[in-house]
Amino acid sequence: YDLVYNPIETRFLRAARAAGCETLSGLEMLIAQAVEQFKLWTGQYPNVEIMRAAAQRALG
């Protein structure tokens with residue numbers, strides 16, 4: 001994984017994918033952490049797609 005989330009696709013991720021590795025962007029890690037934090041703070045499970053869309057909008 002590459003914890004960079006802007007740009008979403010880094011040279012490192014492209015090279016890893018080209019080598020046959022499964023990759024995970026920093027944005028997906030950020031969203032996964034946000035989901036868990038939301039659940040801890042509110043006791044509710046958030047809409048992950050809404051969170052992802054908001055993060056993508058914020059990053060342009």
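FYI, it's all coordinate maths here, none of it is from the lab. Quick caveat: nothing in here was measured; it's all calculated off a predicted structure. All Cβ positions, even for glycine, are placed from backbone atoms using ideal geometry, and neighbour counts span all protein chains on display.
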note = Out of LEU40, ILE50, GLY26 - ranked by how far each Cα lies towards the positive end of the dipole of the range 11-59, with unit charges on the beta-carbon of charged residues - the top one is GLY26
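Between ALA19 and VAL48, what is the FRET efficiency for a Förster distance of 30 Å, r being their Cβ-Cβ separation, to the nearest 0.05?
0.60
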